[in-house]
1. Return one number: the angle in degrees, 0 to 90 and rounded to the nearest 10, between the long axis of the Cα atoms of helix 270-281 and the longest principal axis of the Cα atoms of the chain.
2. Could you tell me the relative contact order of the chain? Use alpha-carbon pairs under 8 Å, at least six residues apart, and round to a whole percent.
3. Could you calculate the contour length gain from residue 398 to residue 189, that is, 0.36 nm times the residue separation minus the distance between their Cα atoms, to one decimal place in nm?
4. With only alpha-carbon atoms in the gyration tensor, what are the semi-axes of the equivalent ellipsoid for the chain, in Å, largest first?
5. Just the number, please: percent antiparallel of the DSSP beta bridges in the stretch 84-225, rounded to the nearest 5.
6. Can you give the Rg and Dmax of the stretch 1-89 based on its C-alpha atoms, in angstrom?
7. Percent antiparallel among DSSP beta bridges with both residues in the stretch 5-164, to the nearest 5?
8. Please give the contour-minus-distance gain from residue 220 to residue 490: 0.36 nm per residue of separation, less the Cα-Cα distance, rounded to one decimal in nm.
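Nothing in this text is a laboratory measurement; each read-out follows from the coordinates by a stated rule. Keep in mind the model is a prediction, meaning the values are calculated, not measured. Every residue, glycine among them, receives a Cβ derived from its backbone with ideal geometry; neighbour counts consider all protein chains shown.
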Ligand code: AHR
């Protein structure tokens, strides 16, 4: 007899917690495979509708997500990128080999001006990642000057000669990338000193205030985070951290297996599915670990944790260049995104920004393009359904569950996954509740006790598919799309009780959002 899966969820709608920065919904665009070329940028001579080479269908689709910031040009590419090669007349720009990604020739046609134009079209704030691995302090300092200085200076004159009069606003600046690996294979203390040095010469110019982000750890490398925090505050928590850099990054990818056999994006077993979601939910324990280390040196959470690379990583689609990291995207990927956002919301005090890898045609993409065709992935729809959480205040959800866990795997690979995930927020009286049922085959009933306010005008949306591997593709772009959802009932309350009872029936492998007003 199947176990009844139920949960009780208590939410105090009148006790808002930390603000969920909109920057947790940030994106990442690297010179990798078809993310920039073919994805964002097709060149001004393309038949595909474009503005100065930037694909307009891509821009239109992404504008619906309210993308708050876009990280560029890498990733590993950032530490081999020399920005002066990417300015000026396109036919005079030097070429280079993209040694990290497919060993292909990069013509530098998409450079600083093109990136800033893209951000303007998207309405996104730029997050520029500088080169520490193979660049110089001077090169990075001059890039900041070129982008953000006003008045008269050598870099301002160069920018004007290239057609841009006014400085841009660049709020976010990365000091290298993965310095422990492709960014120079450095040891933590050595890189921490370099981060302090490079950051010193990334000046705040013309009223532009930089949020400098040091290249942080991956996964559970807490020692790396500690070295970066110690470099800001050698005396520990009794002191305030020094402000050389304001944020520290973290990279965490969700895999269902080891790096050498990550598995197919579309062809996977139920065990693979549960293992993947367990790996995604591990983000919670990983963020808690890094936050604990940071708390030791910065009890006031002045230094932000920036998860500027996250998402699923599968084997590339058969027949595609292994260096291009092109993968399909199923409902499984969408549910990875929804539970990851629940984790980010819960860590909103320390985690100030995040960037999914990557926006178009690479890894866990929002959009896949094939020639002039464009496909919105299931992950895209999670970003769209969740956008009401941007800059809202997190509401703690106290969950008590029964029968909502799943055992998977065997022997050493055995694990247990909690299959229900919920988060909620409120912004200017707008309530948004996000619920994910990860169970592949069973529904779950969630009984909410929404306390401290009257909740009205509830409407629901659902993202699901006939099977966990449901996905969209050219020719069938709307196989997995959100639909309206009415699987909830609002219960009457006895006279005098302040609050609302709400019962939600979540179908298997589904993501649901409920939006309403709190009075
Ligand atoms: O996102 C793909 C790559 O993953 C990035 O270039 C690198 O930073 C990470 O290892």
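1. The angle comes out at about 70 degrees.
2. On the way: 1224 pairs, mean separation 97.9, N = 519.
Reported relative contact order: 19 percent.
3. Working: separation 209, 0.36 × 209 = 75.24 nm, distance 4.04 nm.
Between residue 398 and residue 189, full extension yields 71.2 nm more.
4. Details: eigenvalues 291, 140, 103 Å².
The equivalent ellipsoid of the chain has semi-axes of 38, 26, 23 Å.
5. Close to 25 percent.
6. When restricted to the Cα atoms of the stretch 1-89, Rg and Dmax are 20.9, 70 Å.
7. Details: 6 of 13 bridges.
Here the share of antiparallel DSSP bridges comes out near 45 percent.
8. Details: separation 270, 0.36 × 270 = 97.20 nm, distance 4.22 nm.
Difference between extended and current length: 93.0 nm.
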